[in-house]
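Structure record follows, encoded as structure tokens.
Derivation of every value follows stated rules applied to the coordinates shown; laboratory data play no part. Please read all numbers here as calculations on a predicted model, not as lab measurements. We place every Cβ from the backbone using ideal geometry, glycine too, and count neighbours over all the protein chains shown.
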Amino acid sequence: MNMALSEQIVIPQGNAELRLARTWAQPRGFWGWFMNVHHTAIGVRFMVTSFIFFLLGGVLAAMMRLQLSRPENGVLGPDLYNQVFTVHGSTMIFLFAVPMMFQGFGVYLVPLICGTRNIAFPRLNAFSYYLYVVGGLLLWVGLLLKTGADAGWFSYVPLSGPEFTPGKRSDFWAQMITFTEVSALGVAICIATTILRQRAPGMTLNRMPIILWEKLVISMAVIFAMPAVMVVSSMLLMDRTINTQFFNPSVGGDVLLYQHLFWFFGHPEVYIIFLPGTAIVSTLVPVFTRRHIFGYIPIVTSVVATAFLGFGVWVHHMFATGLPQMSESFFTAASLMIVVPTAVQFYCWLATIWHGRLQLKLPMLWVFGFFFVFLIGGLSGVMLASVPVDWQVHDTFFVVAHFHYVLIGGALFPMFGGLYFWIPKITGRMMNDFLGKLHFWLFFIGFNVTFFTMHFLGLRGMPRRVYTYTPEMHWGGLNMLASGGALIMVAGVIVFLVNFFQSRATGRLAGPNPWAAGSLEWAVPSPPPHYNFLELPTVNGREAVWDALPNQPIVTGVRDDIPEVLVTNSLDSEPQHKDELPGPSIWPFLTSIAVSIAFIWSIFSSWGIAYGAIPVVITLIGWLWPRGHSPAPRLETRMEGTWTR
Amino acid sequence: MNPIPPISGLGSAVALFLAQFTGEHNSLHPAGPQASDIEWLYWVIFWIIFVAFILMITGFARAAARNRTQAAEMLPIMSDPEGDRRATWAVSSAVAITVLTLFAVLFMSVITGKKVEGRTSTNPITIQITGHQWWWEVQYPSPQADQTITTANEIHIPVGRPVVILTSSADVIHSFWAPSVNGKRDLLPGYSSAFWIQIDKPGTYPGRCAEFCGLQHAHMGFSIIAEDDNTFKQWEQQQLKPAADPADPEAAHGKQVFATHACIMCHTIRGTDAGSRMGPDLTHLGSRQMIAAETLPNTRGALAGWIIDPQRIKPGNHMAPNLLEPDDLQALITYLQTLQ
Amino acid sequence: MDSVRQRPVLDVSDLPSVAFGRSNTTWLANVFYMMIEGTMFALLFASYFYLRTRTSSWPPIQAPPNVGYGIANGIVFLLSLIPARYAQKVAPTGNRGKIQLALAGLAVFAIVNMVLRGFELANLNCRWYENAYGSIVWSLIGLHTGHLITEFLETATLLGVSFTPKMEGTRLADVAINSDYWYFVVVSAVLVDFLIYGTTRFL
């Protein structure tokens, strides 16, 4: 830091606290809810909404297990079953996993861990939340009207195309994609900018907590991966609504183009879901082993490498299409290579635990669950990377088992660990330990019973996405076992809900840092006030709280009468200038409504997007039109800006 | 609905349990060289990852047991440069071993892939499989049109001879998969591809559609019947013949029912006026063991149920219900059963 | 209850509250936005070449698009770089008159571009519903036209703001960032032009 530290300044605190509270206050009441732009509020909304979608998706999963529990069961007919598994997959991927692991945790935690007072572009952030909700509602309203999407979560053409799925089912699906991807992209911009520009002074790249590295890398992965699914779902929508011919083989269209584009998004998506899980593990392991993590640089490199390689393996979803052998070998090599960075992370966690003093608190229990479950999923992934084995197990229950081990292991177990870890920060109260352990064991046992069984079903020849099977196949017993396991999982989730509501009302008060953890979110009260930090911190090491000097400096000179944040540079987080963030506003909500009308209109009329664009433009101008509520910036410093740097 | 068979004792419970892991429709019970090669690779990788799993889990268990403390309060942070130094060595060696193992897997995988895909034969049988929602059209192409066999859902091949399967699709994407014979191959509209199969033991080997293809994806089965050369030749000769004219008066009436009702709109019976290719070719329907893409046995009762209300058995399939008079229905079934 | 503590501080009260160029947060967000849109264009370009491999001739049945309006529009796009660059130069000075001139010039160019684009659409010699070639050509030019209209609206809004006293501080930085985005529109226009007018003649 080249800025001189002025020594020993006397800071009067009380007035500053009042001023900050007034400056950063968020409106209350019914309309106030739609105007709130603070990242803690929006982050919690992302978490709660996506958890509700998780529960809904879980209900669908339970319905499927009920239907498959016996041969030729008649609980769900083929039409309803196809809608149920399509909406289950789409919900879990697009409405739960990404919004929870990336948007929910990211929006809530990133500004706190960076040591700043709000996320960059808070209104874009709020806008992204509303769009996500509308996208989710669109998919589910379709299902409840019995016209739910029914072509699978990746909606392959031509099955999802105009000829084989008439009506509006696939259109609902395709527009849901547009909504959720625009939302993820908006949040990616907010999070990446916050990390690159609003880190506390001293938090150089080399001292950035691993979870920030991961959120930055995932934001980049979102930025490069999500456009692919938006392109492909738009092509599908245009094929269906305005008769383009992208996927019609009789006039030069191509069905594999859809698969290439979809999986160019789809495989990085897996890492967009899984890397946040590893970042939670990398955050929890040092806290509960009471030492700095071993292998900070290898772990960060692994995160970057995984996201990068994730863009080079999409074809391994298409091995059964009959591609040239050369390209099969290349994508096998890439798919095996991507094991290496994950293995590096595992070895580093193992070394950290080995050389630390393990305190097996509740969140850490879930981390051990992650080790066990994800290891199985990752290792069976080695089988799938091998082309000949993949020819056998592709599109069977073996694959269903594999990706549930990877996704539930890689995302859900760390997520529950993370929730038990951070809920005390969010609500200010501790979760019940006994109920938490009960939840863990029910979920862990139920999960393994359900999904390990499915490996055998796949090898025994049961394809995925069948609504029933004949008794002659002898799949009944294993299916009954899997369905029984699902019941145990459901019980576990119910225990979690009981625990959450009970502890929120009567749990022990957490205090600012119940786990004696090291990152900056633990340096503020639980729950954090709207200005996050009373005194803006500086950072002296990778674990800001643990490594702080006895007399760690604080930042002064950021105005507390307007919502101002300190902007630092990307590499070494040197203070550069100060930026006034926009305050509460109804316009992001109004804009999201206008955008939603345009998107949904486009399903029903080819001109919908054109007419619908008009209110979008009006609301956008309303949003962006400058308002003179704050005093003008000081002109004498403006010319010293960094334009020529 | 089928209840679970009653369990009379431990023995039958064990038998029932084991039945879940065996059977002909199984990737790990290969019946030919392709499936055997893949099975070999499967077990090699299985044992590699099994060892890796045991090592890792033991490592985590030992690490957890080593310095675990039961303290309720969070302990102070320790500094441990010596631990870091030792871990650097351990982690580096583990990474090196991982990379080498993965290279071994890659090598074996590529070799096995070449073995499964690359075969040569001077006199292979060629079979064209076309996927339809929700049945399989099976053709044995020949340069002469009258030497081409067309059938559905039942594929006859001679034992021990290499067979080339050519794939295509009439509508959406399907995937051809007989687990004990070979891995699966997608049938893509607009594309055709080829792969080898071979079966070394006579028998019936079930297969299914593996790519989700709509409402009746679950009921899109086929079977491969491997038989010795003579039986196969006989079958071939029989299939080449057009349908014989029924001698029996009831069957003759049935033929008329076929020609005057909706049947003729979609189905072919060679040797008659019925020539539509929408549905399966029925010229030798009586010789098949199952109907409706391996959904029902080929019996009078099943045929009757299928013809009257196919939507009850396979909801959403493309065959409409046929409200036939009982006499007409009986005659039609008698006729269909004569189509040997 | 003023608690009084003594500790070292990092005083940032002298730092400016507006930044131009790379350290501006909106500039960074704009870069991310261009990365998103650039990826979309890149994927459409890839799809274009992929679809090319699926037919024997290109265009399959149609004549190639008439090239005249495409060239004209390309030249106008390149000339429009002048007001865009000028806007970027005068924005940090805060000189309201010059900023208005630059933005007005840019808006006029955008209008000419849009009019020429209309003639381009009428001379593509294909329709989006005829075959996959028509679909991808219309998608390419349609996506670009969407960007062109968006950029025109943004310029017009900034021009409107520049007649109010609010054109100060961070709005000046927005004018400079708007020009960055215009460069992106011009570069993508040249690439799209090359694909639909150029490659259809030799591919």
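Taking the C-alpha atoms only, the angle from helix A:608-624 to the longest principal axis of chain A is near 20 degrees. Relative to the longest principal axis of the Cα atoms of chain B, helix B:33-66 runs at roughly 30 degrees. Here the stretch C:21-202 has an Rg and Dmax of 18.1, 60 Å, counting Cα atoms alone. If you line up the long axis of helix C:81-90 against the longest principal axis of chain C, both from Cα atoms, how many degrees apart are they, to the nearest 10? With rounding to tens, the tilt is 0 degrees.
Cα extents for the protein assembly as shown along the principal axes, largest to smallest and rounded to whole angstrom: 112, 78, 54. Longest stretch of chain A clear of exposed loop sites (GluC sites (Glu not before Pro), DSSP loop, at most 15 other Cβ atoms within 10 Å, sites excluded): A:164-639.
Close amide H pairs (under 5 Å, H built 1.01 Å from N) link B:Leu296 with B:Ile291, residues at least 5 positions away or on another chain.
Under 5 Å from the amide H of B:His156 lie the amide H atoms of B:Ile225, each residue being 5 or more positions distant or on a separate chain, with H modelled from the backbone and absent for Pro and chain starts.
Across B:Ala226, B:Ala292, B:Ala304, mean-square fluctuation computed from a Gaussian network of chain B (C-alpha pairs under 10 Å connected) peaks at B:Ala304. Leaving out same-chain residues fewer than 8 places away, which lysines sit with a Cα under 20 Å from that of A:Lys361? Within the straight-line cut-off, A:Lys361 pairs with A:Lys425, A:Lys437. Sorting the segments A:236-248, A:89-101 by their mean number of nearby beta carbons within 10 angstrom, highest to lowest, gives A:89-101, A:236-248. Take the Kirkwood radius over Cα pairs of chain A, plug it into Stokes-Einstein at 37 °C and 0.692 mPa s, and you get 127 µm²/s for translational diffusion. Here the Gaussian network model covers chain B, with springs between Cα atoms less than 10 Å apart; of B:Gln198, B:Gln34, B:Gln238, B:Gln238 fluctuates the most. Working note: Karplus 6.51/-1.76/1.60 with θ = phi - 60° gives the stretch A:346-360 the couplings 4, 5, 5, 5, 4, 5, 4, 5, 4, 9, x, 10, 5, 10, 7 Hz, where Gly and Pro are set to x.
Calculate the FRET efficiency for B:Ala170 and C:Ser57 from the Cβ-Cβ distance with a Förster distance of 22 Å, rounded to the nearest 0.05. Computed FRET efficiency for B:Ala170 and C:Ser57: 0.25. For the stretch B:249-338, the mean projected area of the C-alpha convex hull, equal to one quarter of the hull surface, is 5.2 nm².
In whole angstrom, note down how far apart the Cα centers of the stretch B:203-227 and the stretch C:43-74 are. Cα centres, the stretch B:203-227 to the stretch C:43-74: 42 Å. Under the combined filter of DSSP loop state and at most 13 neighbouring Cβ atoms within 10 Å, the stretch A:100-153 retains these trypsin sites (Lys or Arg not before Pro): A:Lys146.
Charge dipole (Cα centre; +1 on Lys/Arg Cβ, -1 on Asp/Glu Cβ; no other charges) of the protein assembly as shown amounts to roughly 2720 debye.
Taking C:Gln100, C:Gln88, C:Gln62 in turn, the Gaussian network model of chain C (Cα-Cα springs below 10 Å) assigns the largest fluctuation to C:Gln62.
Its Cα centre serving as origin, chain C has a Cβ charge dipole (Lys and Arg +1, Asp and Glu -1) of approximately 220 debye.
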